[in-house]
Amino acid sequence: MIMKDMKHFAHLGAAALLLLAAVACGHKQQTPQVEGHYTYEHTFDYAMDGNHFDVSETGTMDFYADGTALDSARQTYTVALKDGDTITWIFNYISPSRWRLEGDDFYFAGIKEQFRMELIEGGDREAELSQKIVNAYSGGADYEYKFHLDTLTADLLQWSFIYPDGHSDTWQFYKK
């Protein structure tokens, strides 16, 4: 009788282990994926030709499984001109791009032939300077940047970049 109870207990134990394994496999932790639709806000500043630029952008970033991406943003430039005046321009920024991830290195480059940056508000004042901004972005649109992947979760992609002068910048993309 004891032997019969032991066999029954062994079968129950094996069944419990199989059930536990099946439940564990069904709830397997998945690695977050880059692919998806994200929103972002970002600010930066720089100087060019003695003028100071404060830039804010609000945009979306779509990463596709085939290694392509689409970065679309509304960029607002507030420019303190070297003569003391201030002007504001708003640009529509559209950059079809390519991306790849190798460990914690996130490589990203625009596709130069498809890049667009259009002045949508701000008038003709200092038109030469606004065109210089567009030309600077267009000229380097296909440069491949190597970002550091700081965070990748189901809801957040964060990367950072260290510029040649040593200062760094961080972008946070929120998955929708």
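The values are calculated or read from the model by the stated rules, or taken from the named source; none is laboratory data. Since the model is a prediction, treat every value here as computed from it, not as a measurement. Positions of Cβ are generated from backbone atoms using ideal geometry, with glycine treated the same way; all protein chains shown enter the neighbour counts. These area figures cover heavy atoms from the full protein model, side chains too; ligands, DNA and RNA do not enter into them. Shrake-Rupley method; radii C 1.70, N 1.55, O 1.52, S 1.80 Å.
Below is a table of values for the structure above.
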{"quantity": "Condition met for Tyr77 (open to solvent by less than 20 Å² (accessible area, probe 1.4 Å) and either modelled with pLDDT of 95 or more or aliphatic (A, V, I, L, M) (or both))", "calculated": "yes"}
{"quantity": "Subset of region 102-130 [open to solvent by less than 50 Å² (accessible area, probe 1.4 Å) and in contact with a His (Cβ under 9 Å, 6 or more places away or on another chain)]", "calculated": "Asp105, Phe106"}
{"quantity": "Options Ile133, Ile90: the member that is surrounded by 13 or more Cβ atoms within 10 Å (Cβ to Cβ), at pLDDT below 95 and over 16 Å from the mean Cα position of the chain (by Cα)", "calculated": "Ile133"}
{"quantity": "Failed item in (1) exposed (fewer than 10 other Cβ atoms within 10 Å of the Cβ); (2) modelled with pLDDT of 80 or more; (3) under 31 Å from the mean Cα position of the chain (by Cα), with Trp99 passing the rest", "calculated": "(1)"}
{"quantity": "Met48, sole failed condition from (1) surrounded by 14 or more Cβ atoms within 10 Å (Cβ to Cβ); (2) aliphatic (A, V, I, L, M); (3) in contact with a helix residue (DSSP H, G or I) (Cβ under 9 Å, 6 or more places away or on another chain)", "calculated": "(1)"}
